[in-house]
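A.B. asks: A single structure is presented below for examination.
What follows draws every value from the coordinates through simple rules; no lab data is involved. These numbers come from a predicted model, not from an experiment. Glycine also receives a Cβ, built like all others from the backbone with ideal geometry; neighbour counts cover every protein chain displayed.
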């Protein structure tokens, strides 16, 4: 069983502060981390490796510094890592990113499962999973909180559904986007951290390796302007004795509904 | 000269930092109050290779050398000096003695399970009348066929009450003393005649256990002689040499925690209508802490580089220990002063940090012994031999 996990490297939110009045972002320490939700996808894959001996492949698109994210994935337990990098990829929006990742996944081939994080912490777009599934023509289950069964080429998963969950069954190969509450990702083992940089390789593919042309990579979305969202006004403050305040709050909530 | 950490060490530091914050932090108060060794943290640490960081991977370690081990000690001490001292006594001296002078068979049998954290190690030297004067030990080892029979009482043994494998120093020829008369042994707690004595009621690092080890006709197989017969004093001193570096790294972590807490407190604590960070008296204390910490950091990691590149490091490692413990002394004192009454309260960690700090100037060679080591290394090339 081969599981491919596309991951995204993002700027560590602990390293910058947002100054709303000046409408500026101050970067105190430029550190990069794996998008936390993508680690949930990787952890799901690694548990399939622990339980079923799956081969786990991590894949990422970005600048050369993304190499660190992939080595961290190797340290956590991934068997192989692929970095898709090049100037032509720099302007990729979600549609183009899905195209590039999709090409790379086709090139790796012979896969059974693609696991993505449900949402990236920086853009919050939640597009890569669905777009990738469409590109590859795979069935998809989004917002999966647990893989609950795997047999005879079929996988059962619990996906978030309203207040609870829905249990779905998909034939493999398939794509799942993994919800943030699915698991607590493991720490990488100390020896694997050393090996990830000293012993193991990250394979790098560029435009030509993926058989793509620059024309195919024109983004659908163009960035016109960046702006801070309008400041939200404070809500209504309910005061008074607890039972009265609770009654008033309940009344307000009913009206909203 | 490149002063940046290689990438593998940056990721390793991040892992250890997250581990310490998530796994060790929640237990720090409890283990101090209950005098309890955090075995659950040790089990989790073992799964990540953190009980054998400096040793090669072929012996079950991480292969991260002293650089990696110093990072571990720094990050653990930032959060929990008790947890750090348990890991430190196990790795930095207990297992280290076997790594440095053990045979391949001994490394296979003892170092591997220690490095993997399946077994806990300890380093057993001190006696009632032999502390700084380590060569004055009285514990005797006498040959009996294929065994040595050990008799004596060892005091102040970190992990002594729960270690599985102990590196022990004993006298094999009283007429020769430190020069040929002392031999190191690997002792298992299951060996007949091995017993745990009184447990110390300590001022600090109360989440670690310090116990007496009593050897009463303890039968140790002759293949458990560690290093050369009669050269045990050298094995033990070599081990302490390297151990001093990581103790300096631990002090670096503790001092950094003092600085961080002091900055945060000075930003938020208001007196006379302004945060106390605006007061020059506070600024100077914080500036002095930061300066000493930076100097210590350079000393520690340069010394780690000396060790990992196979260069002499004895003098520098002693400097790490004495300077580190005294920087930590000054930093925790200043941090307590900056925090005022809050720092003195048991509700906040500074009070515990103050108690935990004091031992760093005593254990594994007092500050006075470190200065002797430094001075003797400075005078030896001048033809002057210094003895204690």
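A.B. asks: As I understand it, the value is the acute angle between the Cα axis of helix B:280-308 and the longest principal axis of the Cα atoms of chain B; what does it come to in degrees, rounded to 10?
C.D. replies: With both axes taken from Cα atoms, the answer is about 30 degrees.
A.B. asks: Computed on alpha carbon atoms, what radius of gyration and Dmax characterise chain B, expressed in Å?
C.D. replies: My reading of the Cα-based Rg and Dmax gives 21.0, 79 Å.
A.B. asks: Tilt of helix B:314-339 relative to the longest C-alpha principal axis of chain B, in degrees (0 to 90, nearest 10)?
C.D. replies: The helix B:314-339 is inclined about 40 degrees to chain B.
A.B. asks: Quick one: check the C-alpha center-to-center distance for region A:135-189 versus region A:204-257, whole angstrom.
C.D. replies: What the calculation gives is 24 Å, centre to centre.
A.B. asks: Give the relative contact order (percent, whole number) for region B:7-120; include only Cα pairs under 8 Å separated by 6+ residues.
C.D. replies: Working: 137 pairs, mean separation 35.4, N = 114.
After rounding, I find 31 percent.
A.B. asks: Quick one: order A:74, B:176 by neighbouring beta-carbon count within 10 Å, fewest to most.
C.D. replies: Fewest-to-most ranking of A:74, B:176: B:176, A:74.
A.B. asks: For each of A:21, A:159, count neighbouring Cβ atoms within 10 Å of the residue's Cβ, then give the residues from fewest to most.
C.D. replies: With the sparsest Cβ surroundings first, the list reads A:21, A:159.
A.B. asks: Apply the a/c threshold of 1.5 to the C-alpha gyration tensor of region A:14-81 and tell me whether it is rounded, prolate or oblate.
C.D. replies: The shape class here is prolate.
A.B. asks: Which shape class applies to region B:7-120: rounded if a/c is under 1.5, otherwise prolate when a/b exceeds b/c and oblate if not, where a ≥ b ≥ c are the square roots of the Cα gyration tensor eigenvalues? Mind dumping the intermediate values first?
C.D. replies: Values: a/c = 2.20, a/b = 1.43, b/c = 1.54.
Oblate.
A.B. asks: Can you give the Rg and Dmax of region B:254-382 based on its C-alpha atoms, in angstrom?
C.D. replies: In order Rg, Dmax, the Cα atoms of region B:254-382 give 17.3, 59 Å.
A.B. asks: Right, next: Would you mind classifying region A:2-223 by shape? Square roots of the alpha carbon gyration tensor eigenvalues, ordered a ≥ b ≥ c; an a/c under 1.5 is rounded, otherwise it is prolate if a/b is larger than b/c and oblate if not.
C.D. replies: Judged from the Cα gyration tensor, region A:2-223 comes out rounded (a/c under 1.5).
A.B. asks: Something else now. Expressed as a rounded percentage, what relative contact order does region B:234-382 have, with Cα pairs under 8 Å and six or more residues apart?
C.D. replies: Reported as a whole number, the value is 31 percent.
A.B. asks: Okay, next question. Under a GNM of chain A (C-alpha, springs under 10 Å), which listed residue has the highest mean-square fluctuation: A:119, A:20, A:225?
C.D. replies: A:225
A.B. asks: Could you identify which residue out of A:103, A:127, A:181 has the top mean-square fluctuation in a GNM of chain A using Cα springs shorter than 10 Å?
C.D. replies: Its mean-square fluctuation being the largest, the pick is A:181.
A.B. asks: Next question. Relative contact order (percent) for chain B, with alpha-carbon contacts under 8 angstrom and 6 or more residues of separation? Don't skip to the end; give the middle numbers.
C.D. replies: Details: 762 pairs, mean separation 59.9, N = 388.
This gives 15 percent for chain B.
A.B. asks: Something else now. Take region A:129-253, compute every pairwise Cα distance, and split them into 10 Å bins from 0; I just need the percent in each bin.
C.D. replies: Reading upward from the zero bin: 9, 17, 20, 30, 14, 8, 3.
A.B. asks: Moving to a separate point now. Given the -39500 (n - 2.57) contribution per DSSP H run of 4+ residues, what per-residue ellipticity at 222 nm results for chain B, rounded to the nearest 500 deg cm²/dmol? Don't jump to the answer; show the numbers that get you there.
C.D. replies: On the way: 13 runs with 181 residues, N = 388.
The helix contribution divided over chain B gives -15000 deg cm²/dmol.
A.B. asks: On to the next question. Express the C-alpha Rg of the protein assembly as shown as a ratio against the empirical globular expectation 2.2 N^0.38 Å, rounded to two decimals. Write down the numbers at each step before the final one.
C.D. replies: Details: Rg = 29.1 Å, N = 645, 2.2 N^0.38 = 25.7 Å.
That ratio works out to 1.13.
A.B. asks: Still on this structure, please answer the following. What whole-number distance in Å separates the alpha-carbon centres of region B:283-338 and region B:217-253?
C.D. replies: 24 Å
A.B. asks: 222 nm [θ] for chain A, helices only, -39500 (n - 2.57) per DSSP H run of 4+, per residue, to 500?
C.D. replies: The helix-only estimate for chain A comes to -9000 deg cm²/dmol at 222 nm.
A.B. asks: Rank A:88, A:58, A:191 by mean-square fluctuation in a GNM of chain A with C-alpha springs under 10 angstrom and give only the top-ranked residue.
C.D. replies: Looking only at A:88, A:58, A:191, the biggest GNM fluctuation is shown by A:191.
A.B. asks: Roughly what angle does helix B:65-79 make with the longest principal axis of chain B, taking Cα atoms, 0 to 90 degrees, to the nearest 10?
C.D. replies: The angle comes out at about 50 degrees.
A.B. asks: Whole Å is fine, so just give me how far the alpha carbon centre of region B:62-76 lies from that of region A:49-66.
C.D. replies: Here the two parts' Cα centres lie 27 Å apart.
A.B. asks: For a quick check: sort A:17, B:155 by the number of other beta carbons within 10 angstrom, fewest at the front. Provide the component values of the computation, followed by the final result.
C.D. replies: Numbers: A:17 11, B:155 21.
Ascending number of Cβ neighbours within 10 Å: A:17, B:155.
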